[in-house]
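Structure first, then comments.
The values are calculated or read from the model by the stated rules, or taken from the named source; none is laboratory data. Everything numeric here is computed off the predicted structure, so don't read it as measured data. With ideal geometry, Cβ positions are generated from the backbone for all residues, glycine too; neighbour counts draw on all protein chains shown.
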Amino acid sequence: MSATILDGKAFAATIRDQVATHVARLKADHNITPGLAVVLVGEDPASQVYVRSKGKQTVEVGMASFEHKRDADISEADLLALVQSLNDDPAVHGILVQLPLPKHLNEDLIINSIDPAKDVDGFHISNVGLLGTGQKSMVPCTPLGCLMLLRDHFGSLSGKDAVVIGRSNIVGKPMAQLLLGDSCTVTIAHSRTKDLPDVVRRADIVVAAVGRPEMVPGDWIKPGAVVIDVGINRIDAPEKGEGKTRLVGDVDFRSAVEVAGAITPVPGGVGPMTIACLLANTVTACSRANGLEEPEGLTA
Ligand code: NDP
């Protein structure tokens, strides 16, 4: 058996189209242009790539993109003042502070200084609490993308056994909350979980968010289960030439694809969904801020 490939790249393109349609409507009917502000502190190369990509896609769907680059030695007070100015700016509907921040800056303090209504990453403590209590919130982009892929595949997730491997605040925990919200029976596994292979084998849905290359082999997967691989790991690829590398997930794709019912590839699975959901969150935030109807199907 060979699994259905859940094509996140193609699905992300359909989400961007929906966002673009809603943006065009906001402009035509209400003269409102949704705006996303991204704050980048320092020179981290991976963060620079992400921010460039976010800015480009923001403009492509018709939204305004505001990039604020600051030196790595910015003081906490100055960064807080920048966030406050974005909170106060009516042209800005979404604010994203690219993580990680340099060590001298308190990430929690900075994130919790963002207006929760503009917190399009969904990391503000208010949004975490709202999600945990099943209320309307801004939902973290990567788990939201995973949920959309799962809903698209299954229709209803009600009653499914789901295992989330990883309990981080940005992926594992919100993912588990979202699956619970869709009436799955959810297990959260982590580095202290006993008999992880057996725990994973019980699941109809496996979400791997560990950060360990190809850790989950096919023989941990229940035949027919749906596997969402969040991991992005760069490993050496001597077969491509000296010094070359390639990206792999947290799941051993080659063995898992033979057992699973459906699986996301890496790259081209969850990754593209994350930025698409950031755009979706921004247009949702803009609609809410203006008391207008939210776009359908773009949030949890
Ligand atoms: P974290 O490092 O914050 O969390 C990793 C989690 O995995 C922890 O809860 C840890 O458990 C658990 N873990 C580590 N080792 C094991 C093990 N041997 N068995 C079981 N559980 C284990 O990572 P993130 O959640 O931030 O990211 C996870 C992966 O997802 C990374 O590869 C990251 O690059 C990728 N990612 C991809 C995104 C995308 O857009 N596709 C976005 C964000 C992340 P414990 O808590 O006990 O230490």
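For every residue, the table says whether it meets (1) out of contact with any Pro (no Cβ under 6 Å at 6 or more places or on another chain); (2) within 23 Å of Ala280 (Cα to Cα); (3) of a type outside the set (A, V, I, L, M).
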| position | (1), (2), (3) |
| --- | --- |
| Arg52 | yes, yes, yes |
| Gly55 | yes, yes, yes |
| Phe66 | yes, yes, yes |
| Asp71 | yes, no, yes |
| Ala81 | yes, no, no |
| His104 | yes, no, yes |
| Ile114 | yes, yes, no |
| Gly122 | no, yes, yes |
| Gly129 | yes, yes, yes |
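Report, ordered by the first and then the second residue, all pairs with beta carbons closer than 7 Å, sequence separation of six or more or different chains, a first member in the stretch 90-118 that is within 28 Å of Leu26 (Cα to Cα), and a second member that is acidic (Asp, Glu).
Here the result reads Ile95/Asp119; Leu96/Asp121, each pair linking the stretch 90-118 to a residue that is acidic (Asp, Glu).
Considering only the stretch 215-239, state which residues are touching a Pro at 6+ places or on another chain (Cβ under 7 Å) and more than 8 Å from the ligand (Cβ to nearest atom).
Once the filter is applied, which keeps residues that are touching a Pro at 6+ places or on another chain (Cβ under 7 Å) and more than 8 Å from the ligand (Cβ to nearest atom), the stretch 215-239 yields Trp220, Ile235.
May I ask you to list the residues in the stretch 1-53 that are surrounded by fewer than 17 Cβ atoms within 10 Å (Cβ to Cβ) and under 30 Å from Gly261 (Cα atoms)?
Met1, Ser2, Thr4, Ile5, Asp7, Lys9, Ala10, Ala13, Thr14, Asp17 - these are the residues of the stretch 1-53 that are surrounded by fewer than 17 Cβ atoms within 10 Å (Cβ to Cβ) and under 30 Å from Gly261 (Cα atoms).
Within the bounds of the stretch 283-300, is there any residue that is within 16 Å of the ligand (Cβ to nearest atom) and either free of Cβ contacts under 8 Å to residues at least 40 places away in the same chain or within 26 Å of Val206 (Cα to Cα) (or both)? Spell out how you get there, then give the answer.
From the stretch 283-300, those within 16 Å of the ligand (Cβ to nearest atom) are none; that's our starting set.
The answer is no; no qualifying residue exists.
Just the residues that are among the charged types (D, E, K, R) and more than 10 Å from the ligand (Cβ to nearest atom), please, taken from the stretch 150-173.
Taking the stretch 150-173 first, the residues among the charged types (D, E, K, R) are 151-152, 160-161, 167, 173.
Selection gives Arg151, Asp152, Lys160, Asp161.
Would it be correct to say that Leu131 is touching a helix residue (DSSP H, G or I) at 6+ places or on another chain (Cβ under 7 Å), within 22 Å of Ile232 (Cα to Cα) and either more than 12 Å from the ligand (Cβ to nearest atom) or without any contact (Cβ under 8 Å) to a residue 12 or more places away in the chain (or both)? Give the steps one after another, and end with the answer.
Values: touching a helix residue (DSSP H, G or I) at 6+ places or on another chain (Cβ under 7 Å): yes; within 22 Å of Ile232 (Cα to Cα): no; either more than 12 Å from the ligand (Cβ to nearest atom) or without any contact (Cβ under 8 Å) to a residue 12 or more places away in the chain (or both): yes.
No; evaluated as a whole, the condition is false for this residue.
For Val41, which of the numbered conditions (1) within 16 Å of the chain's Cα centre (by Cα); (2) at pLDDT 95 or above fails to hold?
(1)
Is it the case that some residue within the stretch 240-251 is among the hydroxyl-bearing types (Ser, Thr, Tyr), more than 14 Å from the ligand (Cβ to nearest atom) and more than 27 Å from Ser65 (Cβ to Cβ)?
yes
Across the stretch 277-288, what is the number of residues that are over 13 Å from Val139 (Cβ atoms) and crowded, with 24+ Cβ neighbours inside 10 Å?
Residues in the stretch 277-288 being over 13 Å from Val139 (Cβ atoms) and crowded, with 24+ Cβ neighbours inside 10 Å: 3 in total.
Select the helices (runs of 4 or more DSSP H) contained entirely in the stretch 1-105, then report the ones holding at least 3 residues which are among the basic types (Lys, Arg) and either out of contact with any strand residue (DSSP E or B) (no Cβ under 7 Å at 6 or more places or on another chain) or over 22 Å from Leu292 (Cβ atoms) (or both). Lay out the reasoning, then the answer.
Details: elements: 8-30, 45-60, 76-88.
Filter on the stretch 1-105 gives 8-30, 45-60.
Does any residue in the stretch 270-281 that is closer than 17 Å to Asp229 by Cα come within less than 6 Å, Cβ to Cβ, of a residue that is of a type in the set (Ser, Thr, Tyr) six or more places away or on a different chain, and which pairs are these?
From the stretch 270-281, the pairs are Val270/Thr264; Thr274/Thr142.
Identify, please: which residue in the stretch 174-214 is touching a residue at least 24 places away in the same chain (Cβ under 8 Å), assigned to a helix (DSSP H, G or I) and under 15 Å from Val139 (Cβ atoms) and is, among those, farthest from the ligand (Cβ to nearest atom)?
Once the filter is applied, the top-ranked residue is Gly181.
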